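See structure below.
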Amino acid sequence: MKKILIDTNAYAAFKRNDSFAVEVLRTSAYMGVNIIVLGELYSGFKGGSKELNNRKELEQFLDSPRVNVIQIDEETAEFYAKIYWDLKKKGKPGTLKTLRR
């Protein structure tokens, strides 16, 4: 079972119909979205002309049984640090291009 944590860029790529992002999300059994990402998305929506539509689409996305809003705690921070440094060793921390390798 593939589990992923979605960041703001991944959600935006999905909404732009990026084929890689769509495929990753389509084939994931579990998708986590943390509250910081939700805050970033909501603030981005506020600056645009389609706030209500964007919020409705996000709500529909979050309503999927495969999508879970997760809380951030110390364990999450430690996990993030490990992933970040593993990716940094490869040369590109936190980018979709890194995930494509």
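Things worth noting here:
- Cβ-Cβ under 9 Å pairs, at least 6 apart or on other chains, segment 70-89 side more than 15 Å from ASN34 (Cα to Cα), far side of a type in the set (A, V, I, L, M, F, W, C) and assigned to a strand (DSSP E or B): ILE83/LEU5
- Screening segment 1-18 for residues that are in contact with a strand residue (DSSP E or B) (Cβ under 8 Å, 6 or more places away or on another chain) and exposed (fewer than 11 other Cβ atoms within 10 Å of the Cβ) and picking the one that is nearest to ALA77 (Cα to Cα) gives LYS2.
- Take the conditions (1) exposed (fewer than 11 other Cβ atoms within 10 Å of the Cβ); (2) in contact (Cβ under 8 Å) with a residue 24 or more places away in the chain; ALA21 misses just one of them, which is (1).
- Count - residues of segment 36-83 that are under 15 Å from the mean Cα position of the chain (by Cα), surrounded by 11 or more Cβ atoms within 10 Å (Cβ to Cβ) and part of a helix (DSSP H, G or I): 15
- Residue within segment 31-53 that is polar (S, T, N, Q) and at pLDDT below 90 present: no
- Test for VAL33: is it assigned to a strand (DSSP E or B), exposed (fewer than 13 other Cβ atoms within 10 Å of the Cβ) and among the β-branched types (Val, Ile, Thr): no
The values are calculated or read from the model by the stated rules, or taken from the named source; none is laboratory data. Everything numeric in this text was worked out from a predicted model, so none of it was measured. All Cβ positions, glycine included, derive from the backbone under ideal geometry; neighbour counts span all protein chains shown.
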